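First the structure, in the form of structure tokens, and then the observations on it.
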Ligand SMILES: Cc1cc2nc3c(=O)[nH]c(=O)nc-3n(C[C@H](O)[C@H](O)[C@H](O)COP(=O)(O)OP(=O)(O)OC[C@H]3O[C@@H](n4cnc5c(N)ncnc54)[C@H](O)[C@@H]3O)c2cc1C
């Protein structure tokens, strides 16, 4: 790690101002950013912590309608508190990393980072969530733009995420054996107007909607409706832990399991 | 009746008090006054020629004291190799120099090129980035099959080949081949024993401190064998008298073999401290450990067995390519030969066994011992092969093993591959396994799994290992350059307490507890009167350290011999005090008695008198009560046993879950059953890790793909089941005073084939009869791919 300055503002305005400085970067739970700094792969001059800003924290919602989560809310809090509104989202949060990661890592950091194997992006995309920033609101469909790439502008801060609550939903994750991130993770959300299926961990393009499955499941929300189906292997990630073919296959399996588990 | 103290008691591990309360004395917490910090600049490429190395800017950087390159190590030797293997043509193995800093060429990613010493660790690291290092990249040699092909690029230009040795062992090839030609059935298996990273919880640390007045070179290091490091560092690398080097290894947070070897950094911090006249410390981080700790396994093998029509083994032959990496490590060439080829008979009475091993240099991190070291590679091949043979012959896997087991009345048994097993009873451990693993209930469990959509399989393995390393004569005959003895010092203090120094080292094995149990039992004292001291070459006796499940069998035997000498001396003192003849004195439960009388004196009084010898006849009775013993074992010890694993395979994803694991081991006599169970648990955990998860992988450029825990899959608590561990089958070792065999590696040796056999069994029973083998790690993606490949 190289030397850096550290600022911990108490207001969003303070954070925005601090992030305007040269080589400043937002720090939330630090579970992604700090390891990369330790390895000297990332060297911001100033870290601007978001975890001291009260308005970026917490879970609030209206049963059956929507739940909003502050960007700096750790996974453990989402796991404990979001279940009253959106059980599938709480389940997903409770399955991220280990207790240390869940107590530090935050939803805002996860979405901003958009790791192709991260869990939250699939929930946001499948739910049709709205990502709120200090300057605008961005639909999840527009937010994720490929591996580690989002619609965020430099210095733009995610303040919260608002999830419409589906009738039924579930997240099925197949763990990469070492990191326990998703080797393939599928979030299925059934709304009155149709089913949305978002896939993480599998594609070289990052999180994506599997529209073929959405169409089949919108017609018949049951695992049988997508029996034997899998997305094409082309464009899937191939690495130590699985070939593109295997990942494509897993997406089919995990989608069926998510549908079966949806509640 | 379980005992509550002494030999056979499950005494609680006294060292755990400090480990569990954060009071362990680990190296990273140790700092010396005036200490400077070192950082190693390592090669970013696998193979290349260093064309420029400009350290001027780094030397001028803030806090920098010195930058060392190979120019600073010109006067010293390379890192020595402890074994010399001879090729089939009688020629000694190629033994190119292993410099402590790269000389001219880099041989693997992570190869140390320069060391920066600065006031702080961060300054040293910052300055290392200012070193201008130009490397002209050469085509890397990564894959062993490519490395041995004609025209391959060379890791060492000067030897003209990547084959370090071409070794053959056991029955002459032609004799074995003749049996194969006439056999009723031959089973063949090609397999890979993948490369592993040991990953002890504590990364390595080395701290050098030179005293210009006494000329003492002190090295504090994370080592399994401080005395051995002292020998190698003084005699082979620095060329100075051994007593001017002191090596200390305080609490060490796990080794698993990877902390046996003499490492570059140990030499460098000592040299630097001498040059700078101040202590110099280097601490590895986890990423650096992946690039610099010696790695394990990495064999590619074809193994075959010839059988008669009833499944009796007539002959066995193997061809193995064994990866040595980019340099010869301390024991590198011994692992795939002496510790592997000699075990290829297994528990079986196969009359002819031929083993061929080529040791191969590649542009990868050097390979050396990892828990089991050679013996897991042998056991895995054999036990996978035997399972495949059983299937091909239509025999039950337990039955084919029983048909071929060496029988109890055949001991001592000379194998075709150089060993003489002293004792064992392989049917007994198999019987015990069948009982404790509840084979009878398997069908019901399988039906229950099937009801949940899972395929269940049962896998068996039997194993034997050669431990208690090593009889010096055997080691010498097989190419070892050191002996295999241990020594111990037992000092009875005036107030009756006993201090025992051992040349072995404890880094998780619990010696401080178990060795005290032995001495307490022999002297009839409470265990808490006995202290075991290890880890400092200055205060400890000579010794060779801890590896190869040798500490109890060899080091413990030395302690027994020294304690026997103490008792003999104490009897002399007691005879004097009781005014009786020495031969009339008996010693039992801490009391000396004149036979046939009620005249007696207790141990404490004898001890006190030894140091308060007011009326000793000094011509015939020396004061003091302290003895030393050296013990050189007459033979290896041969722990053996049988393991069973049950797995469930998820047919949709290929994921394997271990449902249960049972072990029936014959370790000879047991000193502390709880400690033994713990050793077996840890070994099985690592074996399951190898079987299902761990994999050290390089890409075609020699870059390490699995260089962190994000990609190198270590087993965690929820990856392993509750183990059933039994060590009630006991055939005491015939040649050491305790009748013990060693238990440190067994778990890691016997378990991988049991796990893989279980996976194959599950697939076979589940209708995937085309799947006869899957290489480790048997990961979900590999299982799924094998299921698809109809
Ligand atoms: C061992 C381990 C296991 C893990 N397992 C999983 C897993 O199973 N599934 C999973 O999904 N994730 C996993 N993670 C990642 C974890 O969820 C991280 O917490 C998350 O990816 C990043 O969140 P953070 O709050 O720690 O962000 P940080 O590390 O603080 O920041 C990450 C990036 O986001 C930026 N950023 C942070 N907050 C904001 C904001 N509000 N607005 C704009 N930019 C912002 C930062 O500048 C930085 O670039 C794991 C991490 C570890 C270390």
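The values are calculated or read from the model by the stated rules, or taken from the named source; none is laboratory data. Because the structure is a prediction, the values reported are computed rather than measured. A quick note on method: Cβ atoms are made from the backbone with ideal geometry, for glycine too, and the neighbour counts reach across all protein chains shown.
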Consider only pairs whose beta carbons are under 9 Å apart and that are at least six residues apart or on different chains; among these, list those whose first residue lies in the stretch A:248-259 and is farther than 12 Å from residue A:226 by Cα and more than 11 Å from every other protein chain (Cβ to nearest Cβ) and whose second residue is modelled with pLDDT under 95 and outside any helix (DSSP H, G or I). none
Of the residues in the stretch A:230-247 that are away from chain B (no Cβ under 13 Å) and farther than 22 Å from residue A:180 by Cα, the one that is surrounded by the most Cβ atoms within 10 Å (Cβ to Cβ) is A:231
Condition check for residue A:186: on the phi < 0 side of the Ramachandran plot, within 14 Å of another protein chain (Cβ to nearest Cβ), buried (at least 19 other Cβ atoms within 10 Å of the Cβ) and more than 9 Å from the ligand (Cβ to nearest atom): yes
Would you confirm, using the coordinates I've provided, whether residue B:58 is part of a helix (DSSP H, G or I) and crowded, with 18+ Cβ neighbours inside 10 Å? yes
Residue check for residue B:372: surrounded by 24 or more Cβ atoms within 10 Å (Cβ to Cβ) and assigned to a loop (DSSP other than H, G, I, E, B): yes
Out of B:301, B:320, B:283, report the one residue that is outside the structural domain of residue B:777 (by TED's automatic domain parsing) and touching a helix residue (DSSP H, G or I) at 6+ places or on another chain (Cβ under 9 Å). B:283
When you go through (1) farther than 25 Å from residue B:288 by Cα; (2) assigned to a loop (DSSP other than H, G, I, E, B); (3) more than 13 Å from the ligand (Cβ to nearest atom) one by one for residue A:9, which number turns out not to apply? (3)
Identify the residue in the stretch B:114-140 that is crowded, with 19+ Cβ neighbours inside 10 Å and out of contact with any strand residue (DSSP E or B) (no Cβ under 7 Å at 6 or more places or on another chain) and, among all such residues, is nearest to residue B:53 (Cα to Cα). B:126
Residue A:31 vs (1) more than 14 Å from chain B (Cβ to nearest Cβ); (2) within 27 Å of residue A:82 (Cα to Cα): all pass except (1)
Return yes when residue A:187 is at pLDDT 95 or above, within 14 Å of the chain's Cα centre (by Cα) and in a loop (DSSP other than H, G, I, E, B) and no when it is not. no
State all residues of the stretch A:160-183 that are near the ligand (Cβ under 10 Å from one of its atoms) and without any contact (Cβ under 8 Å) to a residue 60 or more places away in the chain; if no residue qualifies, say none. A:175
Regarding residue B:646, is this residue within 25 Å of residue B:492 (Cβ to Cβ) and more than 14 Å from chain A (Cβ to nearest Cβ)? no
Within the stretch B:668-698, how many residues turn out to be assigned to a loop (DSSP other than H, G, I, E, B), more than 14 Å from chain A (Cβ to nearest Cβ) and within 30 Å of residue B:107 (Cα to Cα)? 0
One residue from B:707, B:654, B:702, B:668 being at positive phi and in contact with a helix residue (DSSP H, G or I) (Cβ under 7 Å, 6 or more places away or on another chain): B:654
Based on what the data block shows, is residue B:713 within 14 Å of chain A (Cβ to nearest Cβ), closer than 30 Å to residue B:413 by Cβ and buried (at least 18 other Cβ atoms within 10 Å of the Cβ)? no
Please find, within the stretch B:762-790, the residue that is farthest from the other protein chains (Cβ to nearest Cβ) out of those that are in contact with a strand residue (DSSP E or B) (Cβ under 7 Å, 6 or more places away or on another chain) and part of a loop (DSSP other than H, G, I, E, B). B:773
Is there a residue in the stretch A:184-207 that is under 18 Å from residue A:72 (Cα atoms) and in contact with a helix residue (DSSP H, G or I) (Cβ under 6 Å, 6 or more places away or on another chain)? no
So residue B:444 passes all but one of these: (1) touching a strand residue (DSSP E or B) at 6+ places or on another chain (Cβ under 8 Å); (2) more than 30 Å from residue B:477 (Cβ to Cβ). Which condition number does it fail? (1)
Output the residues belonging to the stretch A:81-101 that are near the ligand (Cβ under 8 Å from one of its atoms), surrounded by fewer than 22 Cβ atoms within 10 Å (Cβ to Cβ) and away from chain B (no Cβ under 14 Å). none
Looking at this structure, is residue B:726 within 14 Å of chain A (Cβ to nearest Cβ) and surrounded by fewer than 24 Cβ atoms within 10 Å (Cβ to Cβ)? no
Does the stretch B:206-216 contain at least one residue that is surrounded by 19 or more Cβ atoms within 10 Å (Cβ to Cβ) and out of contact with any helix residue (DSSP H, G or I) (no Cβ under 7 Å at 6 or more places or on another chain)? no
Quick check on residue A:195: is it assigned by TED's automatic domain parsing to the domain that holds residue A:255 and either free of Cβ contacts under 8 Å to residues at least 12 places away in the same chain or within 14 Å of the ligand (Cβ to nearest atom) (or both)? no
Within the stretch A:31-43, the residues that are more than 6 Å from the ligand (Cβ to nearest atom), in a loop (DSSP other than H, G, I, E, B) and in contact (Cβ under 8 Å) with a residue 24 or more places away in the chain are A:40, A:43
Here are A:174, A:181, A:148: which of them is away from chain B (no Cβ under 14 Å) and within 24 Å of residue A:91 (Cα to Cα)? A:148
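Kindly establish whether residue A:143 is away from chain B (no Cβ under 14 Å) and touching a helix residue (DSSP H, G or I) at 6+ places or on another chain (Cβ under 8 Å).
It is true that residue A:143 is away from chain B (no Cβ under 14 Å) and touching a helix residue (DSSP H, G or I) at 6+ places or on another chain (Cβ under 8 Å).
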Contacts under 7 angstrom Cβ, first residue in the stretch A:100-119 being under 11 Å from residue A:200 (Cβ atoms), partner more than 7 Å from the ligand (Cβ to nearest atom) and in a helix (DSSP H, G or I), 6 or more apart: A:114/A:121; A:119/A:92
Selected residue [over 22 Å from residue A:210 (Cα atoms) and within 12 Å of the ligand (Cβ to nearest atom)] from A:116, A:154: A:154
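So for the stretch B:654-666 (the condition being over 43 Å from the mean Cα position of the chain (by Cα) and either within 14 Å of another protein chain (Cβ to nearest Cβ) or at pLDDT below 95 (or both)), does at least one residue qualify?
Scanning the stretch B:654-666, I find no residue that is over 43 Å from the mean Cα position of the chain (by Cα) and either within 14 Å of another protein chain (Cβ to nearest Cβ) or at pLDDT below 95 (or both), so the answer is no.
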